[in-house]
Amino acid sequence: MIRKIVTLTLIFALNSAIAQETIEIPRFLQNSMDSITKQNFNQSLETFFLEMEQGKLNEDYLTPQRADLTKSQLQELVNYETKKDSTAKKIQDKQLINIYPISSDKYSITISYIYQNPETNPILLYNINLIATESSDKFTFSVPLDYLTRYWKTETVGNVTYHFRENINKERAKIFDNKNIEIAGKLGLKPEKLHFYMTDNFQEISKLLGFGYSLYSNGKYRDGYGVDSKTIFAVINNEDFSHDMFHYYSGQINKRANRNWITEEGIAYAWGNAYYTDKNGEMVTNERLITELKDYLTKNPNTNIFEIFSNNEKIFNNIASEISVRSVISGIIANQVEKEKGADGISELINAGSQDRLESYLKATNELIGINKENFNSKVRELIKNK
């Protein structure tokens, strides 16, 4: 009898070791839930993240109000899980490190991902903040956007509802609304109604979307984010996001494998803006960049335009270091294609192909308006001059 008890104890211990929990919930963690609610929460959390480890998101555990946005954000964690090698899969790397109620049925939770390597110190990969909502006998999960912006103001300008702390620049907002309508119309689409969050930097955006910390984006601050689930987050608190509106609408009618990103960026500059703000927080317009390019060529008359285009040299550092001279020139060429060949020409230029993008791009420009590598300098210089 004693032998049987010992054997059963060993089997139980072995099974417990094998059935390791996906997320560690440490004993020191203070959780104010009653025992039944806590059991439902633990089971929901375990099931949700176990399925992520297996490469899928169970939509039954997504809070309906923010399901699409939450799904797109947590895809990064799914991608992380599916890239693990066999050794990494055996190591528990997730821990619930905080939980507290924010209403009668909602809790703020924080989960840390730590990379364990016996040869180095542990490395923090992520701190994920989610809102857990009690629903019947289970919990669903959502990004904390609505909770973190619950005291923000809102104002609608045309098709765009802005969310902000103090105020918005209505002139910029009107410019963006008009560009949203114009870009959609040029591509034969209906402009969408959007929600636009006025954010100061990329780190703030990350926190609103649940990434309290990410090893892969720490220190990143100049970018905005969107369009994701008809939601936009501002580039350095600027109301104009028209650059990426072009990419968003283009993606609805053009297959990614066909889209040429020299063309895409050029049209995004020409129809929208340069995406990044200048040192004064103003969005950089395409008209301003064309003027700067003209001045540059006047001061440097021997410039090989094809060379600065193909090498994408940095000549706008006085405005913003990220701005691309290639995209400014590509935008000028796109405008000429639109002038001579209309919407069909623009479609052909966009779909020039993503492989060997420079060669594919030049093949398209040569067929459409006769611009190729051999005559690029003279023809493009003339286009710039006439702008």
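The values are calculated or read from the model by the stated rules, or taken from the named source; none is laboratory data. If you're wondering where the values come from, they're calculated on a predicted model, not measured in any experiment. When we count neighbours, we look across all protein chains shown, and the Cβ atoms used for this are built from the backbone with ideal geometry, even at glycine. For accessibility, only protein heavy atoms count, side chains too; no ligands or nucleic acids. Shrake-Rupley method; radii C 1.70, N 1.55, O 1.52, S 1.80 Å.
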Once the in-chain neighbours fewer than 8 apart are removed, the aspartates and glutamates whose Cα is under 15 Å from LYS220 read ASP200, GLU204, GLU322
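Ignoring any ligand, DNA or RNA, what whole percent of the accessible area of the chain comes from carbon and sulfur when the probe is 1.4 angstrom? Working shown, then result.
Details: 9660 of 19930 Å².
Heavy-atom surface of the chain belonging to carbon and sulfur, 1.4 Å probe: 48 percent.
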When all Cα-Cα pair distances of segment 302-347 are considered, the percent exceeding 13 Å is 60 percent
Distance in nm between LYS138 and LYS193 label points, each 7 Å along Cα→Cβ, equals 3.0 nm
Quick calc: nm separation of the 7 Å Cα→Cβ label points for GLU374 and GLU307 -> 2.1 nm
Rounded to whole Å², per residue accessible area for the chain with a 1.4 Å probe reads 52 Å²
Per its Cα gyration tensor (rounded if a/c is under 1.5, else prolate when a/b beats b/c, else oblate), segment 1-148 is best filed as oblate
Rounded to the nearest 10, the angle in degrees between the Cα long axis of helix 2-18 and the longest principal axis of the Cα atoms of the chain comes to 10 degrees
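Give me the Kirkwood hydrodynamic radius of the chain in Å, from all C-alpha pairs, to one decimal place? Could you put the intermediate results ahead of the total?
Values: mean 1/r = 0.0415 Å⁻¹.
Kirkwood radius, the chain: 24.1 Å.
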The summed charge of the GLU155 Cβ neighbourhood (under 13 Å; Lys/Arg +1, Asp/Glu -1) stands at +2
Helix 242-253 sits off the longest principal axis of the Cα atoms of the chain, rounded to the nearest 10 on a 0 to 90 degree scale, by 80 degrees
Mean-square fluctuation maximum in Gaussian network of the chain, Cα pairs under 10 Å, restricted to GLU282, GLU119, GLU192, hits GLU119
Placing each pseudo-label 7 Å from Cα in the direction of the beta carbon, LEU29 and ASP60 end up separated by a distance in nanometres of 2.2 nm
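For the chain, what does -39500 (n - 2.57) per DSSP helix run (n ≥ 4), summed and divided by total residues, give at 222 nm, in deg cm²/dmol to the nearest 500? Please list the in-between numbers first.
Values: 14 runs with 172 residues, N = 387.
So the helix-based figure for the chain works out to -14000 deg cm²/dmol.
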Taking Cα atoms only, helix 286-299 is inclined relative to the longest principal axis of the chain by an angle, in degrees rounded to 10, of 60 degrees
Highest mean packing first, using Cβ neighbours within 10 angstrom, the peptides 348-357, 214-223, 366-375, 24-33 sort as 348-357, 366-375, 214-223, 24-33
At R0 = 45 Å the Cβ-Cβ FRET efficiency linking SER354 and ASP105, nearest 0.05, sits at 0.45
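GLN92 to ALA257: FRET efficiency via 1/(1 + (r/R0)^6), r the Cβ-Cβ distance, R0 45 Å, to the nearest 0.05? Spell out each step's value before the answer.
Numbers: r = 38 Å, r/R0 = 0.85.
Rounded to the nearest 0.05, the efficiency is 0.70.
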Note, HIS243: beta-carbon cut-off 11 Å, +1 each Lys/Arg, -1 each Asp/Glu, net -3
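Per 0.36 nm of contour for each residue apart, how much would the distance between LYS294 and ASP85 grow if the chain were fully extended, relative to their Cα-Cα spacing?
Numbers: separation 209, 0.36 × 209 = 75.24 nm, distance 5.25 nm.
Contour length minus Cα-Cα distance gives 70.0 nm.
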Length gained if ILE36 through LYS341 is fully extended, taking 0.36 nm per residue and subtracting the Cα-Cα distance, is 103.1 nm
Flagged as over-length at 21 Å C-alpha distance, from LYS174/LYS207; LYS71/LYS207; LYS179/LYS294; LYS153/LYS174; LYS71/LYS179, the pairs are LYS174/LYS207; LYS179/LYS294; LYS71/LYS179
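For THR161 and LEU383, what does the FRET efficiency come to when R0 = 45 Å and r is the distance between their Cβ atoms, rounded to the nearest 0.05? If you can, show how the numbers build up before the last one.
Details: r = 39 Å, r/R0 = 0.86.
Using R0 = 45 Å, I get an efficiency of 0.70.
Considering only DSSP beta bridges whose two residues both sit in the chain, what percent are antiparallel, to the nearest 5? Walk me through the numbers on the way to the answer.
Details: 34 of 44 bridges.
If I count the DSSP bridges inside the chain, around 75 percent turn out antiparallel.
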